[in-house]
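First up is the structure itself, then whatever we jot down about it.
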Amino acid sequence: MSIIPVVLSGGSGTRLWPLSREKYPKQLLPLVGDNTLLQETVARLGGLEGLGEPFLVCNEEHRFAVAEQLRLLGKRGQILLEPCGRNTAPALTLAALWAQRDGDDPVLVVMPADHVILEGEVFRKAVARAVGLAEQGLAVTFGITPDCPETGYGYIQRGDRSGLDDGAYALARFVEKPDRETAQAYLDAGDYLWNSGIFVMKASTWLSALSVCRPDILLACRTALGAVSQDGDFVRVDRREFEQCPSDSIDYAVMERLSAGLPGLPGAAVIPLSAGWSDVGAWDALWKVLPKCAAGNATRGDVMLESCRNTLALSEGRLVTCIGLSDVVVIETNDAVLVARHDATQDVKKIVDRLKAEKRSVAQWHRKVHRPWGWYDGVDSGERFQVKRICVKPGASLSLQMHHHRAEHWIVVTGTARVTRGEEAFLVSENQSTYIPLGVKHRLENPGIVPLEMIEVQSGSYLGEDDIVRFEDTYGRG
């Protein structure tokens, strides 16, 4: 039996703002180790017998970042693009249908891309047990053994163990995030587990259950895949058809109904898991999984603490100093600073909602914006001008483009640029510069083997990123 990791990478990580932004969310960030959460998830099942290439289901806007992180990990895989967000049930359905395209019926290990599991070997052993149950036609999930009355997670009640082995229990029911008193009652009862959002089942098991529980989702996904196309690293489904698909989660669409034991549906099981799991849903959750000093402080970057306890302080650039703080989170980025108490970090989403309502770009974008060819950093801006630092990867090129409202000055700092300007093409080396007049077709390329770094000064009446008319593009952007 082959095993396919299915990594769901559709989240926005709102509660981890300002590090996590809508256009570059938490799963694309290295929050715990050197690798990003997405990379850690893809690598998590390494060494498991029968493991195939991963399937990654992601938002179309994140496709280049996801592909690049997979490449840096030295992995190959299928990247299925969602034209719009429709929650986890349609995402899994696309993956299950795609897994069966050649007549196979693999076991799918479905994992959110933005979770942390510190004890990988413990998790792999639990997955191996779950695969055995999945081969028997069961839908299996993992319940995290709780160690406190957590109100930020949903819960799973386990049933008895009749007919099950490998430490599994029947799935009794799912319950919503509780209040503090109810969460304490669950903890005291001893038969409730945190809902991990991780599932193991055969592709056919999921599709069979969905055909009974949510045939409308199944039909919409089948139709969307009926017009599928391969675009380089990406599997594209029909946008119009997928937009018609109802939005629902794996839990609501299927798993809750399986726990009820309705006729015609497969059985469901839950395996208790203690492997250092966290959904990293807010800053206090990240603090819990990070290494800490004897005073309970966790730091990263240029940080100096004095007389602090249980403090999380992260710096992306500037020196951050904290004195006399307790149970506080301090997050510094180059365009925003967050300070919050641990018990208020769930409310970060309220700040992000206000930023969106005011149409402030810091809700969606970092100052440093990643592109398939490299990245740019918005260094400074003012009336009728903008300064960017640009890095182009070796062998990469920007689109052949033109701007209606701005001219550009380019100064090369490191590497060599090949510039197309109108009908001419020429090289620009370190400490040299060139000028792109308004309305002239142009392209920037890096023909060398080292990154090309340059300073771009834009000037004009409008400097928005949507003032780009693309004529040719290596990456298929319109």
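The values are calculated or read from the model by the stated rules, or taken from the named source; none is laboratory data. What you see is a predicted model; the values in this text were computed from it and never measured. With ideal geometry, Cβ positions are generated from the backbone for all residues, glycine too; neighbour counts draw on all protein chains shown. All accessible areas refer to the heavy atoms of the entire protein, side chains included, with ligands and DNA or RNA removed. Shrake-Rupley method; radii C 1.70, N 1.55, O 1.52, S 1.80 Å.
Before moving on, here are some points about what is shown:
- Cα-derived Rg to Rh of the range 116-230, Kirkwood definition: 1.04
- Ligands, DNA and RNA aside, Ser208 has an accessible area near 60 Å² when probed at 1.4 Å.
- Accessible area per residue, Å², the chain with all protein chains present, probe 1.4 Å: 44 Å²
- In degrees, nearest ten, helix 215-226 long axis to first principal axis of the chain (Cα): 40 degrees
- Surface composition of the chain: carbon plus sulfur atoms contribute 48% of the solvent-accessible area (1.4 Å probe, protein chains only, all chains present).
- Ellipsoid semi-axes in whole angstrom, largest first, where each is sqrt(5λ) of the Cα gyration tensor of the range 352-478: 25, 16, 15
- In terms of its Cα atoms, the range 197-250 spans 30, 23, 19 Å along the principal axes, sorted from long to short.
- 3J(HN,Hα) from dihedral phi, the range 285-301, Karplus parametrisation 6.51/-1.76/1.60, rounded to Hz, x for glycine, proline: 5, 5, 4, 5, 9, 7, x, 10, 7, 4, 8, x, 8, 10, 9, 8, x
- Taking amide H as placed 1.01 Å from N in the peptide plane, the amide H of Leu290 sits under 5 Å from none that are at least 5 places away or on another chain.
- Among the listed pairs Lys202/Lys288; Lys75/Lys393; Lys202/Lys356; Lys288/Lys393, those beyond 30 Å (Cα-Cα): Lys202/Lys288; Lys202/Lys356; Lys288/Lys393
- Which of Pro112, Ser196, Val440, positive extreme of dipole for the chain (C-beta unit charges): Val440
- For the range 239-250, Karplus couplings with θ = phi - 60° (6.51, -1.76, 1.60), whole Hz, Gly/Pro x: 4, 4, 5, 5, 4, 7, 6, x, 9, 6, 8, 4
- Whole-number percent relative contact order across the chain, with pairs defined as alpha carbons under 8 Å at least 6 apart: 14 percent
- Residues with amide H under 5 Å from that of Gly159, placed H, sequence gap 5 or more: Ala170, Leu171, Ala172
- Using θ = phi - 60° in the Karplus curve 6.51 cos²θ - 1.76 cosθ + 1.60, the 3J(HN,Hα) couplings for the range 100-116 round to 8, 4, 9, x, 7, 9, x, 7, 9, 9, 9, 9, x, 6, 10, 9, 10 Hz; x is entered for Gly and Pro.
- Between Trp277 and Leu118, the built amide H atoms are under 5 Å apart, and every one of these is 5 or more places off in sequence or on another chain.
- For the chain, alpha-carbon Rg relative to the globular expectation (2.2 N^0.38 Å, N residues): 1.07
- Cα gyration tensor category, rounded, prolate or oblate, for the range 168-300 with a/c compared to 1.5: oblate
- Sparsely packed GluC sites (Glu not before Pro) within the range 429-478, loop by DSSP, other Cβ within 10 Å at most 12: Glu465
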